[in-house]
Amino acid sequence: MSSLANNLRAASARAWIRVVAANRELSWVFFETFLPAMTTAGYVLVYRALGAPAEYEAYVILGGVMTAFWLNVLWGMAAQFFWEKDMGNLDIYMMAPISRMSILLGMAVGGMLGTAMRSVVILVLGIALFHVRFEIGGLAAAFGIFLLSMTALYGLGMMLASLFLLFGRGAQRWVEVAQEPVYLMSGFYFPIANLGFTAAAIASAFPLALGIDAIRQTALGSDTGFLPVGVEAGALAALAVLFFLLARRMLRLMENRAKRDGKLTLKWQ
Amino acid sequence: MPPAIRTRNLTRIYRKSPKRGAPAAEFRAVDDVDLEIQPGELFGLLGPNGAGKTTLIKILCTLLFPTSGVAEVCGLDIVKDCERVREKINMVSGGEASGYGLLTIREQLWVFSQLYGLTTKEALSRIDRMLDQYGLAADAGTKINRLSTGMRQKMNLIRGFMTGPSVLFLDEPTLGLDAHIARQARGFIRDWMAEDRTRTILLTTHYLAEAQELCDRVAIIHQGRIRACDTPAALIAAHRGDAVFEVTLTGLDGQAERLRQDADMKVSRLDADVAAGRTTVRFTLPDDAALTGALSRMAALGGKIVNLSKHEVTLEDVFVKIAGQSIAEAEKSSE
């Protein structure tokens with residue numbers, strides 16, 4: 001069994017690549033912050049034109065912040081094994097004496113640091129241009145729920161990453177298919193309670209839906225929450241543990257299947 | 001001490017699922033391979049592209065399961081003890097384009113060192129020493145996306161060396177390198193082995209001269225099976241009975257096929273190339289005594305000898321004898 005220190009070293013090195021690469025290729029600042037901020041602003045203006053309550057504008061800003069993390073999980077983490085294979089690095093990672101989860105953790109942490117910048121820009125935009133107000137008293141709880149949501153979300157990302165080990169480009173199609181429905185079901189731009197109980201309950205299996213809903217309740221004082229904050233926080237903690245355990249199992253399972261089928265390191269697959 | 005590498009009846013079959021009415025197909029990439037490589041050996045696996053060399057290496061590097069049979073590295077089973085096997089190995093492939101273009105050579109090597117539990121201090125110390133040793137010190141700050149093929153492969157070799165593996169797998173390490181860089185790379189490999197006599201290298205190549213120059217022992221692999229395994233000298237000695245000659249003639253235009261079919265020539269193999277009005281015939285005879293007869297047959301067809309030389313037996317000749325075709329022919333027929 002690889003030692004914890006070795007795995008943390010590997011994770012921090014993998015995270016470091018993301019941070020350094022981002023600093024050396026500054027065009028991402030435009031594509032990753034300005035363009036998504038414009039999308040979020042567009043939704044705010046639509047609500048404003050429709051005369052929706054002011055809190056809906058705040059919902060959109062928070063949704064925009066969290067969207068960035070979802071996209072990072074999908075493309076910056078889950079699909080990363082596929083990109084690594086394409087670049088010729090996957091063999092090196094897979095035969096190293098470390099856990100696959102440490103590599104994914106490194107990708108997650110490095111990606112989150114970059115994504116945080118995009119989120120901050122959207123948040124500042126919301127406060128400066130659209131005068132979104134937060135409940136100062138609820139920010140600590142909101143931050144705690146944010147961390148729980150991220151843990152569960154990146155656990156889900158690790159599960160998705162395991163699919164890329166086996167299915168390669170095929171898994172990329174599935175992720176593309178998943179991207180837009182998740183926008184709808186997770187309530188990035190509206191409270192999930194509006195979906196109705198059954199659909200909202202189904203959406204709650206996706207950690208961001210619960211996370212956004214709980215953060216809105218704590219940071220904005222929203223009374224349109226789907227479930228009480230405590231219940232949502234408990235469900236998020238349960239999802240985090242579940243996804244982590246499933247991810248560990250799936251990574252091992254998919255790696256073994258890929259090694260059996262000869263698909264682990266075939267570049268064209 | 002257990003063998004560095006040991007395989008018994010190792011087989012890997014690739015199965016292709018049936019599609020559009022075509023039946024399921026299977027391909028034996030590695031077929032019933034038995035190998036035993038001792039610590040300290042530089043062992044060569046020779047064969048054309050598609051012979052099964054890379055598949056065998058990927059199995060030993062824990063990247064691929066065998067279909068059947070057993071493989072051990074340093075006495076550890078590559079399936080059951082794969083995590084412990086990974087602590088003892090590393091692999092470098094020829095033509096490898098790994099790494100992140102925006103990182104410098106030194107940064108890239110540090111990142112990969114972190115996968116093997118080296119502290120940053122120890123890693124940078126080893127990296128700087130090796131960059132200096134392998135002539136890359138001045139380029140330590142060059143980004144990966146600006147490296148030439150040769151510089152990149154030197155960096156890849158350092159990546160393999162720096163973690164101090166007990167067993168290093170080199171898969172076609174000089175593939176695509178020009179002669180000068182390839183010679184340097186072979187020097188690096190020899191130097192690394194000389195630093196510690198317990199280190200083991202399994203090197204695959206289809207450059208037979210490279211294997212002859214570098215390896216303590218070689219195995220010839222063809223169509224997934226090991227056809228011969230011994231020291232290069234012993235393999236050559238075992239096939240020295242044949243006499244290989246090369247004759248350049250004028251006046252023999254278009255007659256090479258007749259020579260090949262001429263029973264009086266007594267050749268076991270004959271190849272001919274025509275260039276600038278001269279025919280170069282390379283042929284294998286059972287012994288030197290048969291040469292006079294063969295030359296007479298060429299003269300009878302109008303050939304005038306410009307040059308005659310006796311060819312020393314090489315691993316290439318051994319391969320031809322064992323596989324019935326040259327490496328180039330084997331690669332062409334597998335395309």
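The values are calculated or read from the model by the stated rules, or taken from the named source; none is laboratory data. Since we're looking at a predicted model, the values are computed, not measured. For neighbour counting, all protein chains shown are included, and Cβ atoms are generated from backbone atoms with ideal geometry for every residue, glycine included. Please note that ligands, DNA and RNA were not included when accessible areas were found on the heavy atoms of the full protein model with its side chains. Shrake-Rupley method; radii C 1.70, N 1.55, O 1.52, S 1.80 Å.
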Amide H to amide H, which residues 5 or more places from B:VAL30 or on other chains are under 5 Å from it, using H placed in the peptide plane?
-> B:ARG12
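Which of the trypsin sites (Lys or Arg not before Pro) found in the stretch B:54-143 are in a DSSP loop and have at most 16 neighbouring Cβ atoms, other than their own, within 10 Å? Please list the in-between numbers first.
Numbers: sites: B:LYS58, B:LYS80, B:ARG84, B:ARG86, B:LYS88, B:ARG106, B:LYS121, B:ARG126, B:ARG129, B:LYS143; in loops: B:LYS80, B:LYS88.
Sparse-neighbourhood loop trypsin sites (Lys or Arg not before Pro): B:LYS80.
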Under-5 Å amide H pairs with B:GLU41, H placed in peptide plane, nonlocal only = B:ILE201
Total formal charge among the other residues, if their Cβ is under 10 angstrom from that of B:THR279, Lys/Arg +1 and Asp/Glu -1 | -1
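Please compute the Kirkwood hydrodynamic radius over the stretch B:99-159, one decimal place, Å, based on all pairs of different Cα atoms. Mind dumping the intermediate values first?
Numbers: mean 1/r = 0.0887 Å⁻¹.
Kirkwood hydrodynamic radius for the stretch B:99-159: 11.3 Å.
Using the Kirkwood radius over Cα pairs, work out the Stokes-Einstein diffusion coefficient for the stretch B:198-335 at 4 °C and 1.567 mPa s, in µm²/s as a whole number. Don't skip to the answer; put the middle values down first.
Working: Rh = 16.5 Å.
My calculation gives 79 µm²/s for D.
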In the stretch B:99-159, what percent of the accessible surface is made up of carbon and sulfur (1.4 Å probe, ligands and nucleic acids excluded)?
-> 49 percent
Would you mind telling me the antiparallel percentage of the DSSP bridges in chain B, rounded to 5?
-> 70 percent
Distribution of pairwise C-alpha distances over the stretch A:2-261, 10 Å bins, in % | 7, 29, 35, 21, 7, 1
Chain A - mean residue ellipticity at 222 nm from DSSP helices (-39,500 (n - 2.57) per run, n ≥ 4, rounded to 500) = -25000 deg cm²/dmol
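Averaging over every viewing direction, what projected area does the convex hull of the Cα atoms of chain B cover, in nm²? It would help to have the intermediate numbers written out before the result.
Working: hull surface 87.1 nm².
Computing the convex hull of the Cα atoms and averaging its projections yields 21.8 nm².
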Return the carbon/sulfur percentage of the accessible area of the stretch B:1-53, one whole number, probe 1.4 Å, all protein chains in place.
-> 50 percent
Keeping the other protein chains in place, figure out the carbon and sulfur percent of the accessible area of the stretch B:241-311, with a 1.4 Å probe.
-> 47 percent
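Report Rg(Cα)/(2.2 N^0.38 Å) for the protein assembly as shown, keeping two decimals.
Output field value: 1.25.
What translational D, rounded to a whole number of µm²/s, comes out for the stretch A:173-239 from Stokes-Einstein when the hydrodynamic radius is the Kirkwood one over Cα pairs, at 20 °C and 1.002 mPa s?
Details: Rh = 11.9 Å.
Rounded to a whole number, D works out at 179 µm²/s.
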So what J values fall out for the stretch B:114-120 if you push phi through Karplus, 6.51 cos²θ - 1.76 cosθ + 1.60 with θ = phi - 60°, rounded to Hz, Gly and Pro as x?
-> 6, 7, 10, x, 6, 5, 4
Could you run the Karplus curve 6.51 cos²θ - 1.76 cosθ + 1.60 with θ = phi - 60° over the stretch A:163-177 and give me ³J(HN,Hα) per residue in whole Hz, x for Gly and Pro?
-> 5, 5, 4, 8, 9, x, 4, x, 5, 4, 4, 4, 5, 4, 5
Using a 1.4 Å probe on protein heavy atoms only, how many Å² of accessible area do A and B hide from each other, summed over both chains and rounded to 100?
-> 3000 Å²
Alpha-carbon radius of gyration plus Dmax, which is the widest Cα pair, for the stretch B:241-311 in Å | 10.8, 33
Taking the Cα atoms only, what angle lies between the long axis of helix A:35-50 and the longest principal axis of chain A, rounded to 10 degrees?
-> 30 degrees
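Explain nothing, just the number: relative contact order of the stretch A:137-233, from Cα pairs under 8 Å at least 6 residues apart, as a whole percent. Intermediate values should be presented prior to the final figure.
Details: 91 pairs, mean separation 36.5, N = 97.
Relative CO of the stretch A:137-233 lands at 38 percent.
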Other-chain or far-sequence residues with amide H under 5 Å of A:SER222's (modelled H) | A:GLN217
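Only Lys, Arg, Asp and Glu count, each charged at its Cβ (+1, +1, -1, -1), so figure out the dipole size of the protein assembly as shown about its Cα centre, rounded to 20 debye.
520 debye
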Filtered GluC sites (Glu not before Pro), the stretch B:91-156: DSSP coil and at most 16 other beta carbons within 10 Å = none
Give me the percent of DSSP beta bridges within the protein assembly as shown that run antiparallel, rounded to the nearest 5.
-> 70 percent
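Residues of chain A: accessible area per residue at 1.4 Å, in Å²? Walk me through the numbers on the way to the answer.
Numbers: 11580 Å² over 269 residues.
Solvent-accessible surface per residue comes out at 43 Å².
Tell me the chymotrypsin sites (Phe, Trp or Tyr not before Pro) within the stretch A:167-269 that lie in a loop according to DSSP and have at most 10 other beta-carbon atoms within 10 Å.
Details: sites: A:PHE167, A:TRP174, A:TYR183, A:PHE188, A:TYR189, A:PHE197, A:PHE226, A:PHE243, A:PHE244, A:TRP268; in loops: A:PHE188, A:TYR189, A:PHE226, A:TRP268.
Sparse-neighbourhood loop chymotrypsin sites (Phe, Trp or Tyr not before Pro): A:TRP268.
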Karplus ³J(HN,Hα) for the stretch B:257-270 (6.51 cos²θ - 1.76 cosθ + 1.60, θ = phi - 60°; Hz, whole; x = Gly/Pro) runs 5, 5, 4, 4, 8, 7, 4, 5, 5, 6, 8, 8, 7, 8
